[in-house]
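A.B. asks: Below: one structure in structure tokens.
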Amino acid sequence: MTDTTIIRLHGRRVWDSRGRPTVEAEVTLAGGASGRAIAPAGASTGSGEALDLRDGGSSFGGLDVHQALAAINHDIAAALIGMNAGDQGAIDARLVALDGTPQRRRLGGNAIVATSMAVLHAAAAAAGQPLWRHLAGSGPVRMPLPEVQIFGGGAHAARRVDVQDFMIMCPAAASFSEALEWTAEVYRAAGARMKQAGKLQGVADEGGYWPAFDSNEQALDTLVLAIADTGLRPGTDAGISLDIAASEFGREGRYTLALDRRTLDTEQMIAMLGGWLDHYPILSIEDPLAEDDAHGFAQFTATYGRRCQIIGDDLLVTNADRVAAAAASASANAVLVKPNQAGTVSEAHAALLAGKRAGFGTIVSARSGESEDVTIAHLAVGWDAGQLKVGSFARSERMAKWNEVLRIEESLGKSARFSGWSALPFQPQARSAGSASQAVKELTP
Ligand SMILES: C=C(OP(=O)(O)O)C(=O)O
Ligand SMILES: [Mg+2]
């Protein structure tokens, strides 16, 4: 291990996958090691998450990031230079104290997360280890179950369909690489079907197809048929994972579905999703209800939590206290972990650990605005999260992460273990796949 004293911190303006400026932080240590990281950015943000500092105010202000860069190059650099990069907890505590606001309004969530992750990279480099191994120590790790988008919707595709992410999970695969291979086959089969049906309009923000479906159910039907087209068994080999992102169209117990031109109350929303669970091989649902509908979440989880993963994203905003509260009230059984939602690496890790303590599924996740930064691939493996949600094949900022996991898997050789079904917080035999073959039969002309 070389000298891990921080001697330089530099903030740089780079660009994200939506053509928006973002922040890269680069940390140099006395022993010569360095690390850098780029802040991602969300589009369907939870109201409780850390806010990016954009010129003129928070994420909801201007577009540019000069103020966040200035925060890195002046206040943050002054505070961190001389500190030990090997003590991530102390670095992150210093960042939190220096900002002094619950949502990182002063220095910016973007400045803070880029710095926190860059320090982590520098410490791993100084130890001469890949980041995932630096995090895991000598502990066992599993390759994560990939959650890959096939169609985009909601805020990621101009609300062309209400549901934000239609994804595939292949927990029956023997390895991460096999799961990704099966998913790629489904992706191509879905694209071919959409093209044939005149429903393909392009690529959404996370690399899934930008669809021209007439209903949310048409998207689900297409997904089931695409799985079957590849020879995989829907519900057995490959299942569906949805991010409803209901906070985007629901408030105070009223949910307005643009595609169906109707407004549902909480009970009706639960009934609609329950109908989908009964009919389609769905393994996971994220944000089925809005972030202000904790009672609805609890009701949904009480009814379906034994046969489906129910993920809190906007509800939990990668916050350990919120995860503990959700466990106590049984309002979800899984937590999405987005480092920039929390602000620092340590806070994101605390949220993941709170999830593990509660027996929750834990899913490390990208944002819809991304870059070539692959930190989350290492976090998913090094923290043994079990699951990773990134986006899809048509965009290289997504594939950078998936390909990084492939490299990690290869480096482990025969000792690489795949999380598969063990990543999900319910028994496989209880999954809602009963009607999957019936659904295919009904859909096949
Ligand atoms: C990745 C997501 O979206 P965004 O980054 O736009 O908040 C999500 O909602 O899970
Ligand atoms: Mg989400």
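A.B. asks: Collect the residues in the stretch 180-207 that are within 20 Å of the chain's Cα centre (by Cα) and modelled with pLDDT under 95, keeping them in residue-number order.
C.D. replies: Of everything in the stretch 180-207, those that are within 20 Å of the chain's Cα centre (by Cα) and modelled with pLDDT under 95 turn out to be 203, 204, 205, 206, 207.
A.B. asks: Looking at the stretch 222-243, which of the residues that are under 24 Å from the mean Cα position of the chain (by Cα) and charged (D, E, K, R) is nearest to residue 158 (Cα to Cα)?
C.D. replies: The qualifying residue nearest to residue 158 (Cα to Cα) is 243.
A.B. asks: Among all residue pairs at least 6 apart or on different chains, which show Cβ distances below 8 Å where the first residue, located in the stretch 131-153, is more than 30 Å from residue 194 (Cα to Cα) and the second is part of a strand (DSSP E or B)?
C.D. replies: 142/386; 142/418; 143/418
A.B. asks: Take residue 421 and tell me if it is assigned to a helix (DSSP H, G or I), aromatic (Phe, Trp, Tyr), open to solvent by less than 20 Å² (accessible area, probe 1.4 Å) and modelled with pLDDT of 95 or more.
C.D. replies: No; evaluated as a whole, the condition is false for this residue.
A.B. asks: Next question, about the same structure. Sort out which residues of the stretch 229-250 are away from ligand 1 (no atom under 14 Å from the Cβ) and in contact (Cβ under 8 Å) with a residue 60 or more places away in the chain, and write them in order of number.
C.D. replies: 232, 233, 234, 235, 236, 237, 238, 239, 240
A.B. asks: Can you tell which of 321, 373 is out of contact with any Cys (no Cβ under 8 Å at 6 or more places or on another chain), charged (D, E, K, R) and either assigned to a loop (DSSP other than H, G, I, E, B) or within 15 Å of ligand 1 (Cβ to nearest atom) (or both)?
C.D. replies: Being out of contact with any Cys (no Cβ under 8 Å at 6 or more places or on another chain), charged (D, E, K, R) and either assigned to a loop (DSSP other than H, G, I, E, B) or within 15 Å of ligand 1 (Cβ to nearest atom) (or both) holds for just one of 321, 373, which is 373.
A.B. asks: Of all the residues that make up the stretch 195-242, how many are charged (D, E, K, R), in contact with a Leu (Cβ under 8 Å, 6 or more places away or on another chain) and surrounded by 17 or more Cβ atoms within 10 Å (Cβ to Cβ)?
C.D. replies: Of the residues in that region, 1 qualify.
A.B. asks: If a residue counts only when it is of a type in the set (A, V, I, L, M), which strands (runs of 3 or more DSSP E) contained entirely in the stretch 170-251 have at least 1 such residues?
C.D. replies: Output list reads 200-203, 239-243.
The values are calculated or read from the model by the stated rules, or taken from the named source; none is laboratory data. All values derive from a computational prediction rather than experimental measurement. Using ideal geometry, Cβ is built from the backbone for each residue, glycine included, and neighbour counts are taken over all protein chains shown. The area values use the complete protein model at the heavy-atom level, side chains included, leaving out ligands, DNA and RNA. Shrake-Rupley method; radii C 1.70, N 1.55, O 1.52, S 1.80 Å.
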